[in-house]
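To keep things clear, I will list the structure first and then write my remarks on it.
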Amino acid sequence: MSLGKAMIHARKQKAIAKAAAMVADHPAGTYTAPSVHLLQMPVLVLNASYEPINICGARRALVLVLKGIARTEEEHGLMMHAQRSHIPMPSVIRLLEYRRIPHQTRALSRKNILLRDRNTCQYCAETLPPSELTLDHVIPRSRGGNSTWENLVACCHGCNRRKGNRLLNEIDDMILLREPRPFSLHTSRQIMRMLGRSDDRWRKYLFY
């Protein structure tokens, strides 16, 4: 990601956090946020079967609802004030027609490896900020290991130094917490569960 894109992304995330904080300080329906903040609020997307399949921005969610592609299942308690109408902002939307979701994997990247592993060292189980984690090749590259989903794990710097260039079967008390796998749709649902902890409206759809 370029520096410019990173700065834009950071500003968006800050705006979302600020909007969420303002909502938390006001009873439902009593706060009207600037439209730029509202349109960046995260919205949970359900399939017609009520299965969670994605997270999108409020702008995209409103387009789907206004086009009759989806309906609002839960509201934020906020209103988008247009020139001639007031539109309740969705928190959860559901597609009206069932969409078949193919098996999905995400791009292999440091960010997605850390997301998959929940920012947790896969050797000592310590959860740390991303800046304090690195990626470890379970089978070191010098021993024939490749940079793949199945061979890369989140790792703290201490465990990374301790493991060094060795295989796990060469170390008596060092094992993986879980077998590393590709970042699939199932893993994405785990991330949605994590995000849903901050929005009670999402929980009944995520914990199924």
Aspartates and glutamates near Lys67 by alpha-carbon distance under 14 Å, same-chain residues fewer than 8 away left out - which ones?
-> Glu97
Output ordering of 153-161, 67-75 (per-residue mean of other Cβ within 10 Å, highest first) is 153-161, 67-75
Surface per residue (accessible, 1.4 Å probe) for the stretch 74-163, Å² | 57
Net charge near Arg143: determine it from the other residues with C-beta under 11 Å of the C-beta of Arg143, scoring Lys and Arg +1 and Asp and Glu -1.
-> +1
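The values are calculated or read from the model by the stated rules, or taken from the named source; none is laboratory data. Here the structure is a predicted model, which is why all the values come from computation and not from measurement. Reconstructed Cβ throughout: ideal geometry from the backbone, glycine too, with neighbour counts over all protein chains shown. Only protein heavy atoms, including side chains, enter the accessible area calculation; ligands, DNA and RNA are left aside. Shrake-Rupley method; radii C 1.70, N 1.55, O 1.52, S 1.80 Å.
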